[in-house]
Amino acid sequence: MSAALREAEAAAENGDIPVGAVIVRNGQVIASARNTREKDGNAVRHAEITAIERACSAVGDWRLDGCDMYVTLEPCMMCAGAISQARLRRLYFGAYDRERGYVVSNPIDGFDVECYCGIMEKECAGVLDEFFGELRQRRD
């Protein structure tokens, strides 16, 4: 989760919502990504989606059997669907997203990935709180 947190911090430095993700296979990070939606002007540039794309390239298949994802924020509906479709083995996430999270906060049918929640929750939520706090200050 520490590697995902570093990705989230890098996203914040670039003006994007601080979400980071890494995918691990056999104990090795095979893909990492951060949210670049604002930077790229693209609605699907979530950390999870980009990490899945990179992991698929790394293994040469769309099936990510035996791979685990670590992400700093509970995935949205789009990302939860992609995680399930990619056949990831396990999902570990940090901060809960009670409004837009679709893994445990607002579970979607058919999400069949083994899930571990609240990993480094305080640190992951802290990066988000700091980012949005600074954003509110700039608007005031």
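Values for this structure:
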quantity	calculated
Wholly within the range 1-119, helices (runs of 4 or more DSSP H) carrying at least 2 residues that are in contact (Cβ under 8 Å) with a residue 60 or more places away in the chain	2-13
Qualifying residue in the range 17-24 (condition: over 9 Å from the mean Cα position of the chain (by Cα), open to solvent by less than 20 Å² (accessible area, probe 1.4 Å), modelled with pLDDT of 95 or more and of a type in the set (V, I, T))	yes
Filter result for A47 (of a type in the set (G, A, S), closer than 16 Å to R90 by Cα, under 13 Å from the mean Cα position of the chain (by Cα) and open to solvent by less than 10 Å² (accessible area, probe 1.4 Å))	no
Subset tally (residues that are exposed (fewer than 12 other Cβ atoms within 10 Å of the Cβ) and within 11 Å of M77 (Cβ to Cβ)) for the range 110-124	0
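The values are calculated or read from the model by the stated rules, or taken from the named source; none is laboratory data. Quantities reported herein were computed from a predicted structural model and do not represent experimental measurements. Methodologically, a virtual Cβ is constructed for each residue, glycine included, from the backbone with ideal geometry; neighbour enumeration extends over all protein chains shown. Ligands, DNA and RNA are stripped out before the accessible areas are found, and what is left, the full protein with its side chains, is counted by its heavy atoms. Shrake-Rupley method; radii C 1.70, N 1.55, O 1.52, S 1.80 Å.
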